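Reviewing the structure listed below.
The values are calculated or read from the model by the stated rules, or taken from the named source; none is laboratory data. The shown structure was predicted, so the numbers you read here are calculated from the model rather than taken from an experiment. Every residue, glycine as well, gets a Cβ built from its backbone with ideal geometry; the counts of neighbours run over all protein chains shown. Only protein heavy atoms, including side chains, enter the accessible area calculation; ligands, DNA and RNA are left aside. Shrake-Rupley method; radii C 1.70, N 1.55, O 1.52, S 1.80 Å.
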Amino acid sequence: NYLYFILLKYTWCIPSAVYHNEPDVSLFDHLKTTASIASCLYLYRLHHPEETPSLKTQTFTLIGGDISGIQNYIFDVLTQQGKVAKRLRARSLYTQLVSEIAGHRIVRELNLPLCNLISAAGGNFYILAPNNQRTCDAIHELQQEFDNWLMENLGAELSISLALITLSGSDLKAFSA
């Protein structure tokens, strides 16, 4: 994690592909994505030592998370009296933190490096994980954990929906096209 934050600090504004006319990806994002793919391939090989993955092998799992009920939760404060602007900002921050923490919780549960949390913004997050049974089982358990926590602490005003899709190397390659 130290290396992750050092790279973020010093490479976020360096273009990754200077040979392009208009580089559009930072060196940090390029390194983060590459490290994420490498960690998934490593963990996939640990669980499937007899198999040599090819571009067609469903090696990766893309985990998507979505926070539902954000608008109702944030704008519910308009019906209350006093200091509405502060409450709006506080609830907006709270929903962002719920999204970030849910993403970090999944990454930690799957023993993945922080770079595998591809994106976490706007009430959504995406995580690249290896395709194995442990990933599927952990996501189903975490979905129940998130539901219980949100019910106990927020009365289910917010909810987290998790979804999985398996990808191959050629599917990842198609993202760049």
- Item | Arg89, Arg108, Arg45, ranked by accessible area, largest first (probe 1.4 Å) | Arg108, Arg89, Arg45
- Which is farthest toward the positive dipole end of segment 76-177 among Gly103, Met151, Ser161, measuring Cα position about the Cα centre, with Cβ charges +1 (Lys, Arg) and -1 (Asp, Glu)? Gly103
- On the protein heavy atoms, probe 1.4 angstrom, tell me the percent of accessible surface of segment 1-110 carried by carbon and sulfur. 60 percent
- Message: Given the DSSP H assignment, sum -39500 (n - 2.57) over each helix run of at least 4 residues in the chain and divide by its residue total; what's the result at 222 nm in deg cm²/dmol, nearest 500?
- Response: -17000 deg cm²/dmol
- Message: Please report, in whole Å³, the volume per residue of the convex hull around the C-alpha atoms of the chain.
- Response: 148 Å³
- Query: Given segment 14-54 reduced to its alpha-carbon atoms as identical point scatterers, what log10 I(q)/I(0) does the Debye formula return at q = 0.16, 0.19, 0.28 Å⁻¹?
  - Reply: -0.54, -0.62, -0.87
- Query: What nm value, rounded to one decimal, do you get for the distance between Leu55 and Glu109 when each label is placed 7 Å out toward the C-beta?
  - Reply: 3.4 nm
- Any idea of the accessible area per residue across the chain, 1.4 Å probe, to the nearest Å²? 62 Å²
